[in-house]
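Contents: one structure, followed by commentary.
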Amino acid sequence: MAFTATLRGERFRFADLRELLAKANEEKSGDALAGIAAGSRRERLAAKAALADVTLREIVDTPVVDDDLATVLAADHDAAAFAPLASLTVGELREHLLDPATAATHPDGFGRALTAEVAAAVAKVMGNLDLVHAAARLRRVTRCRNTMGGLGTLGVRIQPNHPADDPAGVVLAVLDGLLFGCGDAVIGVNPVGDRVTDVVTLLDTLHRVIDALAVPTQACVLAHPTTQLEAMDAGAPVDLLFASLAGTSGANASFGVSAALVHEARERVLASHRDRSGFVGTQVTYFETGQGSALSADAHHGTDQLTLEARAQAFARVFDPFLVNSVVGFIGPEYLADGRQILRAGLEDHFVGKLLGLPMGMDVCYTNHVDDAGQDDNDNLLVLLAVAGCNYVMGVPGADDVMLGYQSTSYHEVASVRDLLGLRPAPEFEGWLTARDRWRGGRLVPPSADDARALESVGLRALGR
């Protein structure tokens with residue numbers, strides 16, 4: 001079915017829904033690289049105008065990508081919950097989301113009522129402030145070893161990566177983060193390689209620190225799911241199953257991931273928790289996504305980045321995750337060219353995730369080969385996401401990941417945003433900080449030399465020294 005719109009006497013025609021969604025997308029270097037972007041600002045505006053008049057039913061009934069993932073997502077869609085919304089147009093859904101009354105009726109988002117394509121479509125007709133305003137009203141609370149996503153909280157993943165997976169270097173970065181009140185979301189290490197022995201060592205090291213300090217948080221080593229399972233079989237404690245997800249079957253295959261694999265791995269991790277203590281919930285998966293992953297795998301099916309990111313998030317939703325975050329600027333300038341495009345994509349990814357009912361976080365970041373992005377751009381997006389109710393962000397020593405070679409957000413930057421906006425850590429983590437006199441009157445207490453020495457002693461014991 002073709003779609004048309006006329007602007008200032010110029011008529012635009014879009015051959016099908018896939019083309020309409022692509023041309024309505026905000027400017028992205030990846031869409032241009034794929035040859036599907038609007039050819040001008042006027043064409044983009046025309047596509048947005050046409051898309052605003054499309055009903056949600058038309059979108060749901062028109063597959064954009066026909067692959068195995070489409071079957072998985074269709075089975076997860078709640079048709080009964082969608083029925084009252086089906087006759088709305090995309091423009092009307094936007095107005096509904098910005099209506100203050102909507103938050104009272106859908107505080108957790110729309111869950112499985114909306115499909116990925118619907119969520120992507122409405123994001124395309126929203127401005128940046130719209131994305132912040134609408135997302136701020138949507139919350140998703142999840143539980144594993146603590147409770148994430150509550151109103152007025154901003155969580156932090158400590159990301160203590162080390163270029164040689166050296167346990168001492170990892171522990172030092174973890175202790176540094178804890179001094180700044182970070183680590184409630186997860187203490188998550190990206191390993192250099194995928195060796196089972198290294199994953200076992202890292203998981204054991206993280207848990208020795210967590211146990212020694214009685215920190216109410218979860219640990220994760222972001223290896224391939226099969227490697228994590230092998231580490232678990234070798235006796236390592238696995239709190240969260242991690243996987244990178246993409247928006248097409250082909251892109252997921254390039255990651256070595258399928259719905260069947262994630263389902264089996266999740267069930268095995270859940271079963272392992274029955275023999276361990278300290279859990280307050282049964283959400284045990286952690287996923288990362290990001291615009292451009294399907295194009296980088298040459299598996300995009302002529303579909304725009306935002307729509308495919310929404311499909312990746314809908315895939316994550318199938319497995320009732322504890323944490324989900326987009327690595328928004330990590331894939332590179334070929335897909336998001338500069339700070340402006342990264343900021344827009346970050347707000348889109350966060351809003352779409354919240355709309356789909358996900359516990360959405362964000363790695364606010366850019367790679368070292370982006371010409372026009374800097375730490376000020378990261379600061380801008382960090383503040384906007386905090387205002388938008390983002391569940392968590394990354395805490396990286398000095399904001400510089402020396403292993404992955406990219407720039408993110410630091411412990412002290414997140415602490416500053418919490419202080420600026422009156423945000424708190426997860427409740428159990430806040431209680432832990434308070435008990436250690438690290439949190440007082442709703443604010444982080446600056447660390448003393450004695451605090452640092454006490455943590456250093458714990459770190460040395462965790463390393464067996």
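The values are calculated or read from the model by the stated rules, or taken from the named source; none is laboratory data. Computed from a predicted structure; not experimentally measured. All Cβ positions, glycine included, derive from the backbone under ideal geometry; neighbour counts span all protein chains shown.
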Is it the case that some residue within the range 146-162 is more than 20 Å from Ala386 (Cβ to Cβ) and in contact with a Gly (Cβ under 6 Å, 6 or more places away or on another chain)? yes
Please find, among Thr197, Thr142, the residue that is over 23 Å from the mean Cα position of the chain (by Cα), of a type outside the set (A, V, I, L, M) and at pLDDT 95 or above. Thr197
Boolean, Leu460 is modelled with pLDDT of 95 or more and out of contact with any strand residue (DSSP E or B) (no Cβ under 8 Å at 6 or more places or on another chain): no
Which of the helices (runs of 4 or more DSSP H) contained wholly in the range 38-96 include at least 3 residues that are out of contact with any helix residue (DSSP H, G or I) (no Cβ under 7 Å at 6 or more places or on another chain) and assigned by TED's automatic domain parsing to the domain that holds Glu27? 41-52, 68-76
Assess whether Glu288 counts as being outside any loop (DSSP other than H, G, I, E, B), touching a residue at least 60 places away in the same chain (Cβ under 8 Å) and out of contact with any helix residue (DSSP H, G or I) (no Cβ under 6 Å at 6 or more places or on another chain). yes
Only one of (1) under 20 Å from the mean Cα position of the chain (by Cα); (2) closer than 11 Å to Thr285 by Cα; (3) of a type outside the set (Gly, Ala, Ser); (4) crowded, with 18+ Cβ neighbours inside 10 Å is not met by His263, so which one is it? (4)
I'd like the full set of residues that are under 19 Å from the mean Cα position of the chain (by Cα) and without any contact (Cβ under 8 Å) to a residue 24 or more places away in the chain, limited to the range 405-420. Ser410
Hits in the range 49-79 - residues which are of a type in the set (Val, Ile, Thr) and in contact (Cβ under 8 Å) with a residue 40 or more places away in the chain: Val54, Ile59, Val60, Thr62, Val64, Val65, Val72
Any chance the range 195-206 includes a residue that's touching a residue at least 40 places away in the same chain (Cβ under 8 Å), in the same structural domain as Asn161 (by TED's automatic domain parsing), among the aliphatic types (A, V, I, L, M) and under 20 Å from Glu456 (Cα atoms)? no
So Gly281 clears everything in (1) farther than 14 Å from Thr142 by Cβ; (2) not in a helix (DSSP H, G or I) except one condition, right? Which one? (1)
The range 121-141 residues that are within 21 Å of Asp31 (Cα to Cα), paired with ones that are assigned to a loop (DSSP other than H, G, I, E, B) (beta carbon under 6 Å, 6 or more apart): Lys124/Asn25
On the given criteria, is Asp31 outside the structural domain of Gln341 (by TED's automatic domain parsing), out of contact with any Phe, Trp or Tyr (no Cβ under 8 Å at 6 or more places or on another chain), assigned to a loop (DSSP other than H, G, I, E, B) and charged (D, E, K, R)? no
Filtered residues of the range 413-460 (kept if small (Gly, Ala, Ser) and closer than 17 Å to Val156 by Cβ): Ala415, Ser416, Gly422, Ala426, Gly431, Gly442
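One line per residue, one yes/no per condition, for (1) of a type in the set (A, V, I, L, M, F, W, C); (2) closer than 15 Å to Ser410 by Cα; (3) crowded, with 19+ Cβ neighbours inside 10 Å:
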| site | (1), (2), (3) |
| --- | --- |
| Asp130 | no, no, no |
| Ala134 | yes, no, yes |
| Gly155 | no, yes, yes |
| Gln159 | no, yes, yes |
| Ala164 | yes, no, no |
| Val171 | yes, no, yes |
I'm trying to understand the selection: among the residues of the range 300-321, which are in a loop (DSSP other than H, G, I, E, B), crowded, with 21+ Cβ neighbours inside 10 Å and in contact with an Asp or Glu (Cβ under 9 Å, 6 or more places away or on another chain)? Asp304
Limited to the range 286-299, what total is found for residues that are surrounded by fewer than 24 Cβ atoms within 10 Å (Cβ to Cβ) and either basic (Lys, Arg) or under 12 Å from the mean Cα position of the chain (by Cα) (or both)? 1
Considering residues that are over 14 Å from Phe319 (Cα atoms), aliphatic (A, V, I, L, M) and touching a residue at least 40 places away in the same chain (Cβ under 8 Å), the number found within the range 247-285 is 3
In the range 334-383, which residues are in a helix (DSSP H, G or I), of a type in the set (D, E, K, R) and surrounded by fewer than 24 Cβ atoms within 10 Å (Cβ to Cβ)? Arg340, Arg344, Asp376, Asp377, Asp379
Across the range 441-463, what is the total count of residues that are farther than 17 Å from Val209 by Cβ and out of contact with any helix residue (DSSP H, G or I) (no Cβ under 7 Å at 6 or more places or on another chain)? 7
